[in-house]
1. Based on the Cβ-Cβ distance from residue 304 to residue 259, what FRET efficiency comes out when R0 is 22 Å, to the nearest 0.05?
2. Mind checking the log10 I(q)/I(0) for the chain at q = 0.08 Å⁻¹? Debye, one equal scatterer per Cα, no solvent, two decimals.
3. Given segment 138-296 reduced to its alpha-carbon atoms as identical point scatterers, what log10 I(q)/I(0) does the Debye formula return at q = 0.16 Å⁻¹?
4. Order of 310, 61 from fewest to most other C-beta atoms within 10 Å?
5. Only counting other Cβ atoms within 10 Å, I'd like 360, 354 sorted with the fewest neighbours first.
6. Taking the simple approach of a point 7 Å from Cα along Cα-to-Cβ for both residue 55 and residue 9, what is their distance in nm?
7. Hey, in the GNM for the chain with a 10 angstrom Cα cutoff, which one of 178, 268, 118 fluctuates hardest?
8. Given a 10 angstrom Cα cut-off, can you work out which residue in 91, 138, 198 is the most mobile in a GNM of the chain?
Ligand code: CND
Ligand code: ZN
Ligand code: ZN
């Protein structure tokens, strides 16, 4: 049945309020307006950032909302004026838009398009309306995407066509976790061959940092996690050793300074804890160490400025610093040509309707990425 121009009724996982399970509901997805694209989602990963909203950590968030931001799908229909995708194209929705016109898009050294919803959390399209409704209520979108739904509508600047040969149930993790971690290593830190790296937090993001450090030629990649079950996979992906802070009396940065002759060249915080962000900075080499903060936290961090005066650099990035529309197709091609393998990141697959079970696996520390299939 041709659905172009019609409202689509379909299933979606709606979060009505924080600290509640997601609820599988029938929703209405309006047709795309000008410069918008309606996508049939084929697969989506579960990321800790979705969980931050469920747990109520993101204060500005509006409800009800459809979470999910690590998806891949097929274009169902396009609005007027859309030129970069067409119905039937395989696509990845983009958590960082690339409008191509703002200062952020013109900045060769950054990727923060001013149309991004990070930090603003308006949850609406550019015209301040939503294409999603449920039981007569407006439903907000998450990070310009919303992928826990059979169909979603995004703006053209928030979607990119990818190679038709890719499997969407693998490529979906390029929509957030993989690109975020990998790009933080190769693109933001610019890890150099022979260097020493430490990665705090070995979830989907941290393991993707490990993959990036290895491809960049790091000599030593130390993984740190309070869950030692994460170590086997980290080593399989390139970690040369792993530490559990619970097994040491001294603070973990002191252990790392001893192990690395005064500090690592690079450190990455992939958890979202202010105390670990400071540990990450302190574990780098005074003189020229670089820390990249990737974890999301609403709390503030504080440390003595002398720590940076000593020559350290502190950076942060969203989506691994990648300009989304420019870089995602290449990352997909790199996956097809086996520059990296994402199989190890996808530990579980579930039908979309079992989304809450996917979050349980994340809470228990059993999953890296659960991919929900539609
Ligand atoms: P996930 O929960 O899978 O991984 C976190 C890991 O940290 C787990 O293995 C934990 O066991 C471990 N951990 C927890 N506490 C500690 C501790 N005190 N010391 C050491 N290890 C610990 O999460 P994820 O990998 O999906 O996401 C990680 C963070 O990255 C999270 O805050 C998420 O919101 C954020 C993020 C950022 C971006 C971005 O663009 N910057 C994009 N997506 C997610
Ligand atoms: Zn994410
Ligand atoms: Zn822009």
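1. Computed FRET efficiency for residue 304 and residue 259 comes out at 0.45.
2. These q points yield log10 I(q)/I(0) values of -0.38.
3. Each listed q maps to, in turn, -0.86.
4. 310, 61
5. Least crowded to most crowded, the residues run 360, 354.
6. 3.8 nm
7. 118
8. Between 91, 138, 198, it is 138 that shows the largest mean-square fluctuation.
No lab work stands behind these numbers, since they all come straight from the coordinates. Everything numeric in this text was worked out from a predicted model, so none of it was measured. Reconstructed Cβ throughout: ideal geometry from the backbone, glycine too, with neighbour counts over all protein chains shown.
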